[in-house]
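One structure is given here, and the rest of the page talks about it.
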Amino acid sequence: GFYKTYVKTDGRMYILNPAGLEQQLGAGGGGGSLKWIENAKAPVLEVENFVEVYKFESGSDNELYCTVRVPASYAPGTQISMRGLFYSISTSNDFLIRTQTTLIRSEVDEITSTTNQRTSTNSAITMSSANDNEPQKVVFDLTSATGQINSVAVSAGDLIIVRLHDAGGTSTDPVNFIHTATEVTFS
């Protein structure tokens, strides 16, 4: 099969695969660590096996915050996701960590606005003796598949305030968040 690359009127380069699926070249991005902000409900920061982790206690209302700036290269209408690693000593039951995003549109919304919010739809992680203490990949959908928060389009230059919180689950063991391995992707 042949691949076709071309530049569209939006100034971005695209590739068309043999199946006819188009994808923007250079999309995805991410990498690097986010700076997490603690408040009075923050989980405890500990070092385990030479790795810094935030320990979310079972049944707690632990939460952390970070801010993501949407880059100038963002393709409007595409999903923004955050990927994280979590692990637990639990050998049964499940845990659920979710995000709540708040959109602060550049030159439109006040920084204190909570009008446009969205909760991620990721599923709980089921624990067993086969995956205890193993980092589990969790993908949080910060926007809808069409790049919206509360039906409002996200644009380059906007801010997304992310609240990471314990959303329940049946496990009674703590869940450890490897905060230095967090990545935001713009697909």
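The values are calculated or read from the model by the stated rules, or taken from the named source; none is laboratory data. Bear in mind the structure is a predicted one, so any value in this text is a computation, not a measurement. Note that we place each Cβ from the backbone using ideal geometry, even for glycine, and neighbour counts take in every protein chain shown. Accessible surface areas use protein heavy atoms only, side chains included; no ligands, DNA or RNA. Shrake-Rupley method; radii C 1.70, N 1.55, O 1.52, S 1.80 Å.
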The condition from (1) out of contact with any Lys or Arg (no Cβ under 8 Å at 6 or more places or on another chain); (2) surrounded by fewer than 17 Cβ atoms within 10 Å (Cβ to Cβ); (3) of a type in the set (Val, Ile, Thr) that residue 70 misses is numbered (2)
One residue is enough: does region 135-155 have a residue meeting the conditions open to solvent by 10 Å² or more (accessible area, probe 1.4 Å) and farther than 30 Å from residue 14 by Cα? yes
For residue 160, the lone unmet condition from (1) part of a strand (DSSP E or B); (2) within 20 Å of residue 38 (Cα to Cα); (3) open to solvent by 30 Å² or more (accessible area, probe 1.4 Å); (4) not polar (S, T, N, Q) is (3)
All conditions in (1) closer than 21 Å to residue 163 by Cβ; (2) of a type in the set (A, V, I, L, M); (3) open to solvent by 30 Å² or more (accessible area, probe 1.4 Å) are true of residue 97 except (3)
